[in-house]
Amino acid sequence: MAETTLQKFAEDVTKAGQTDLRKKIRKLLKALEMEGQGYAKDHYGDNGLGVVTGTLRNSIKFNALTSGHNLGVEGTAGLFGSRVVYAAVHEFGYGSIIARPYIGPAMDHLKRQLGPELKKLFQASVLGRRFTP
């Protein structure tokens, strides 16, 4: 996400007041959703994880959480009946298999995109594990 986009967001929030704040936050979260998913897929092999069939890489999804009490971005892979049952093994490691994260680094990238004051507002989750900025 471009620095100018975050700066514009901050300016818009200041001008908008509370009535438009939720709309602005949703717009920011949708931008972060696209940024996170793109980053995870573009940097998938940076950790040594190879692409054999592309099934795991293609299962990576990021979603903006914009309803209820939680606002944030969720990154997942291999969920919801997918054939990619090994997604968590690669992300977190298991036994003698070393962790080769691909969603965690994308979440770290998203955190770096947010200013300190916005970091407190958002919480991102990775395969059921919660990360707080």
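Of all the residues in segment 25-39, those that are free of Cβ contacts under 8 Å to residues at least 40 places away in the same chain and open to solvent by 50 Å² or more (accessible area, probe 1.4 Å) number 3.
Figure legend. Inter-residue proximity from segment 54-68: first residues more than 21 Å from Ala87 (Cα to Cα), second residues hydrophobic (A, V, I, L, M, F, W, C), beta-carbon distance below 8 Å, spacing 6+ or different chains. Indicated pairs: Leu65/Leu29; Leu65/Leu71; Leu65/Val73; Thr66/Ile25; Thr66/Leu29.
The residue that is nearest to Ile97 (Cα to Cα), among those in segment 40-50 that are open to solvent by less than 50 Å² (accessible area, probe 1.4 Å) and in a helix (DSSP H, G or I), is Asn47.
Taking the condition within 10 Å of the chain's Cα centre (by Cα) and either open to solvent by less than 80 Å² (accessible area, probe 1.4 Å) or at pLDDT 80 or above (or both), does Ala106 pass? So Ala106 fits the description; yes. Scan segment 2-48 for residues that are at negative phi, modelled with pLDDT of 65 or more and small (Gly, Ala, Ser) and the total you get is 5.
There is no residue in segment 79-92 that is assigned to a loop (DSSP other than H, G, I, E, B), over 23 Å from Leu28 (Cβ atoms) and at pLDDT 90 or above.
The values are calculated or read from the model by the stated rules, or taken from the named source; none is laboratory data. As the structure is a computational prediction, the values presented were derived from the model and not from experiment. Quick reminder, even Gly has a Cβ in these numbers, built from the backbone with ideal geometry, and neighbours come from all protein chains shown. Calculation scope for accessible area: heavy atoms of the full protein, side chains included, ligands and nucleic acids excluded. Shrake-Rupley method; radii C 1.70, N 1.55, O 1.52, S 1.80 Å.
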